[in-house]
1. Of all the Cα-Cα pairs you can form in the range 105-190, what percent are over 17 Å apart?
2. Using modelled amide H (1.01 Å from N, peptide plane; none on Pro or chain starts), what sits under 5 Å from the amide H of Val139, excluding residues fewer than 5 places away?
3. Please list, in order along the range 85-101, the HN-Hα scalar couplings obtained from phi with the Karplus expression 6.51 cos²θ - 1.76 cosθ + 1.60 (θ = phi - 60°), rounded to whole Hz, x for Gly and Pro.
4. Once both labels are modelled 7 Å past Cα along the beta-carbon direction, what's the Leu94-Ser180 spacing in nm?
5. Send over the per residue convex hull volume for the range 37-189, Cα only, as a whole number of Å³.
6. Could you sort the peptides 153-161, 79-87 by per-residue average Cβ neighbour count (10 Å cutoff), highest mean leading?
7. Sorted by average packing, counted as other Cβ atoms within 10 angstrom per residue and highest first, what order do 52-62, 169-179 take?
8. For the range 46-94 and the range 121-193, what is the separation of their Cα centres, given in Å?
Amino acid sequence: MTLICEAFLIIIKQFFLLLVLFILSAYTLTDARAQTVKEYAVKAAFVFNFARFTQWPESSFSDADTPYQLCFVGNDEVADEFKTIHGKKNGPRLIQVRQLEGDPARDCKMCHIIFISRDVNQKTADQILSKIKDRAVLVIGETKDFAKKGGVINFFSKENRLQFEINTRTAKDRGLSLSSRLLKLAFIVGGDE
């Protein structure tokens, strides 16, 4: 009888250990998802303000009320955070947010701002950058050397703080004028450093 009790106690202990591990892993996954959501909520707010401190050529808009087209390339979770700024007014213009799916390189022609998430493969990012190379599009990314490879603004983390770098040469080549107030907050790469 004692052998059966000991075996039963071992099984119970193993069950509780597995239960605790399961709960801890679920908590960790939930916490990691919450971190991602918080990170992209902050990035969406930054992008909203980047638009405020960027001037496009007059030819980029049909009239003074034409909305900014903020296009997003990436997964649905991240897109949801960017959609929180949809319909907000930035100066005289509304911001319209849409997720580019299917063939983002084909669908990006009407975008004034494009955010390319880190989960987008390099080939797709390169195709988008190539397609809009000579257009006045504020292209924002979050991968290593993105601003040096044709993007205008790139997010990165340094000492657990969200930072951004700006390629002033690319911005100028695209016909974008960035406020000195914005440039003071950025690390400058690939241009007039």
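The numbers here are math on the coordinates, done by the rules we state, and not lab data. Worth saying up front: this structure is predicted, and the values here are computed from it rather than measured. Counting neighbours? That spans all protein chains shown, and the Cβs are built from the backbone with ideal geometry, glycine included.
1. The calculated P(r) of the range 105-190 puts 43 percent of pairs beyond 17 Å.
2. Here Ile114, Val152, Ile153 satisfy the definition.
3. 9, 4, x, 7, 8, 10, x, x, 10, 7, 9, 10, 10, 9, 8, 8, 10
4. 3.5
5. Cα-based convex hull of the range 37-189, divided per residue, equals 103 Å³.
6. 79-87, 153-161
7. 169-179, 52-62
8. Centre-to-centre distance over Cα atoms comes out at 16 Å.
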